[in-house]
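The values are calculated or read from the model by the stated rules, or taken from the named source; none is laboratory data. Remember, it's a predicted structure, so these values are computed and weren't measured experimentally. All Cβ positions, even for glycine, are placed from backbone atoms using ideal geometry, and neighbour counts span all protein chains on display. Keep in mind that these areas ignore ligands, DNA and RNA; they rest on the heavy atoms of the full protein, side chains included. Shrake-Rupley method; radii C 1.70, N 1.55, O 1.52, S 1.80 Å.
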Amino acid sequence: MLDPYERKSLMELLRPPEGYSLDYAIGTTFSLDLEALMMAPIAFTRFEGDSDFNKADLLVMMESLRRYMEKITIFCHISRIKTPGNHGINLSTFLEGSIFQALPQNGEGSFHPKVWAFRFISKSETAPVAYRLLCLSRNLTFDRSWDTALVLDGILSERKNAIAINNPLGDFIESLPLLVNENLPKTIQNRIKQMNQEIRRVKFAPPQGFSEIVFHPIGISNRKPDVISGRIDRMLVISPFLTKSCLDRLSALGKENILVSRLDSLQKISPECLGKFKERLYLKEEAHLDWYESDESLPSAQEPDRNNKRDESSQSLDERKLNGLHAKLYVADAGSEGRIWTGSANATGAAFGKNVEFLVELRGKKKFCGIDAVLNGGQDADDNRIVLRTLLDSLIVLREPIIDESEALKSLAEKTRTMIATAGLSAHVTETGEKFKISIKGKKLSIPEEVDVKCRPITLPGFRAASITSDMKADFKDLSMIDISAFFVFDINVSYGSKILSEAFVLKLPLHGAPDIKIRTRGITKEMLKDEKEVLRLIMLY
């Protein structure tokens, strides 16, 4: 359980079953890195086996996006798209029809699940449809953190009635269009409907050592958020973010409980609350492992020779260091049974009260999946092998919790971000000769005087950003067709006293009057293929 040596990348988890190819995928994430999303089509193209896609340059990314983005739909929390680097700015146009921004139906909280559902089809006409479900604790970004990934594979059965335990999963997929404030294209609606109906009839095999799977969507329809319940004798809570209210509830569920989190998160909790846990642990800052990434994890990397000390010592510290805890895991001992809840929900009041989240509960024998098995890996005490507990330090509880002095800045930035995201902004394109103009329009807002906001299409450099005032209007002139994008960057600068906080995020806005996306992507392709050598390279990719 949670073997530190078993590190896998999302690339590996996307690999279709032998003899299968991707038919369609639906992904959910809180925050989204556009360039990270571009890597998924590269993975699928690479797995085709008929092209050399080991180097993710612009031309390879463009061709991969052209092949696969119509087969991928992503739902993310509104205003949580990250500003990309220069590498993927123009190519972001290829993503416009695949990304949809979501909010919980209650109007509060966050859209926070990290679930992927894949439909694979076989080259053989007689082979059944295959499904894969990924339940992750990480967002679709390049963050290098300790996370968890649950992979469930199954075959679509021929039965007509749903498998009862899959209904919560089907309900979750069915609810996604209801969380989006725009009409999804008919083709995507049909895909979601098909997946919602079929996934209820897929028999997912539990991971080795487990005997039962329970799906727990939170924050949709009338689903109750109190999913961590039932018999619990002792509990292990692993979460990067914490609130007192949630910890008070979890600590009351069992005895001699254990809490694992980030050091800074633990230091914000009162000693009285922390005292309800027998152990309070955090990931060692200096912890690192001599782990190796194969060429499956890094497309351009070569697997090092494990007997070659030069290869081992030359591995950069950034590749070996554990960059923080991001896993969300709840483990319970219940008699002879072990129970594990894994997924997106932090140990916070918002996660179990306001947010849309997704957890999967796994059940099995305690000796294989109980608290001791998770922390100690089932290893003997004198075993030299690194296990999860090896990477943890005990917290020295402070007399008073540490107060974050930048909290006022963060709160003001978040308030402004939310106001902009829900202002009903739209982009209107008009043609002026051979050039284009984009006008941003939205309802008037009360932007605090301490906040400065600038906006620009994602395709334009920062110096062309326009200042946004409370009337929420901005114009961008003299644009070429490939400058037109539905993605807009918003830069927020908050000044509070002597402190300054800067944040940037991307919104996908309704785009009115623009040339069709197929025409715009053809223009991008034409621009990239001005060099004859690049034309030849594209031909070689087929």
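Could you list all residues from segment 254-266 that are open to solvent by less than 50 Å² (accessible area, probe 1.4 Å) and assigned to a loop (DSSP other than H, G, I, E, B)? Even if it seems obvious, please write down each step before you answer.
Our first condition is that a residue be open to solvent by less than 50 Å² (accessible area, probe 1.4 Å); within segment 254-266, this holds for 254, 257-261, 265-266.
Once the filter is applied, which keeps residues that are open to solvent by less than 50 Å² (accessible area, probe 1.4 Å) and assigned to a loop (DSSP other than H, G, I, E, B), segment 254-266 yields G254, N257.
Is there a residue in segment 484-502 that is open to solvent by 10 Å² or more (accessible area, probe 1.4 Å), touching an Asp or Glu at 6+ places or on another chain (Cβ under 6 Å), among the polar types (S, T, N, Q) and part of a loop (DSSP other than H, G, I, E, B)?
Within segment 484-502, not a single residue is open to solvent by 10 Å² or more (accessible area, probe 1.4 Å), touching an Asp or Glu at 6+ places or on another chain (Cβ under 6 Å), among the polar types (S, T, N, Q) and part of a loop (DSSP other than H, G, I, E, B).
Every residue, every condition in (1) at pLDDT 90 or above; (2) out of contact with any strand residue (DSSP E or B) (no Cβ under 7 Å at 6 or more places or on another chain); (3) among the acidic types (D, E); (4) part of a strand (DSSP E or B), yes or no:
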position	(1), (2), (3), (4)
Y5	no, yes, no, no
A25	yes, no, no, yes
A36	no, no, no, no
A40	no, no, no, no
T45	no, yes, no, no
D52	no, yes, yes, no
F75	yes, no, no, yes
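Does segment 503-518 hold any residues that are in a helix (DSSP H, G or I) and open to solvent by less than 70 Å² (accessible area, probe 1.4 Å), and which are they?
If we filter segment 503-518 for residues that are in a helix (DSSP H, G or I), which is where we start, we get 517-518.
Listed by number, the list holds a single entry, I517.
Run T459 past the list (1) buried (at least 17 other Cβ atoms within 10 Å of the Cβ); (2) polar (S, T, N, Q); (3) farther than 17 Å from P84 by Cβ and report the number of the one that doesn't hold.
(3)
Scan segment 444-455 and give yes if some residue there is at pLDDT below 95, under 21 Å from E35 (Cα atoms) and loosely packed, with under 13 Cβ neighbours inside 10 Å, otherwise no.
Within segment 444-455 (the criterion being at pLDDT below 95, under 21 Å from E35 (Cα atoms) and loosely packed, with under 13 Cβ neighbours inside 10 Å), the answer is no, since none of the residues qualifies.
Looking only at helices (runs of 4 or more DSSP H) that lie completely in segment 358-455, which have at least 1 residues being hydrophobic (A, V, I, L, M, F, W, C) and within 30 Å of P515 (Cα to Cα)? Reasoning before the result, please.
Details: elements: 366-369, 371-376, 407-421.
Qualifying helices (runs of 4 or more DSSP H): 407-421.
Of the conditions (1) among the charged types (D, E, K, R); (2) under 30 Å from V506 (Cβ atoms); (3) touching a residue at least 12 places away in the same chain (Cβ under 8 Å), E407 fails just one. Which one is it?
In the conditions (1) among the charged types (D, E, K, R); (2) under 30 Å from V506 (Cβ atoms); (3) touching a residue at least 12 places away in the same chain (Cβ under 8 Å), E407 misses (3) alone.
For (1) farther than 25 Å from R339 by Cβ; (2) of a type outside the set (S, T, Y); (3) open to solvent by 40 Å² or more (accessible area, probe 1.4 Å); (4) part of a loop (DSSP other than H, G, I, E, B), each residue gets a yes or a no:
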| residue | (1), (2), (3), (4) |
| --- | --- |
| P113 | no, yes, no, yes |
| S124 | yes, no, yes, yes |
| P128 | yes, yes, yes, yes |
| V151 | no, yes, yes, no |
| G170 | no, yes, no, no |
| L176 | yes, yes, no, no |
| N190 | yes, yes, yes, no |
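Looking only at segment 410-435, count how many residues are over 15 Å from D491 (Cα atoms), without any contact (Cβ under 8 Å) to a residue 60 or more places away in the chain and either among the polar types (S, T, N, Q) or surrounded by 14 or more Cβ atoms within 10 Å (Cβ to Cβ) (or both).
3
If you scan segment 399-409, which residues turn out to be open to solvent by 40 Å² or more (accessible area, probe 1.4 Å) and of a type in the set (A, V, I, L, M)?
I402, I403, A408
From the list F210, F215, which one is surrounded by fewer than 21 Cβ atoms within 10 Å (Cβ to Cβ) and hydrophobic (A, V, I, L, M, F, W, C)?
The unique qualifying residue is F210.
Residue under question is P217, and the condition is that it be within 21 Å of the chain's Cα centre (by Cα) and either under 24 Å from F75 (Cα atoms) or of a type in the set (S, T, N, Q) (or both); does it hold?
Values: within 21 Å of the chain's Cα centre (by Cα): yes; either under 24 Å from F75 (Cα atoms) or of a type in the set (S, T, N, Q) (or both): yes.
Yes, satisfied.
Check segment 129-140 and report whether any residue there is in contact with a helix residue (DSSP H, G or I) (Cβ under 6 Å, 6 or more places away or on another chain) and at pLDDT below 95.
yes
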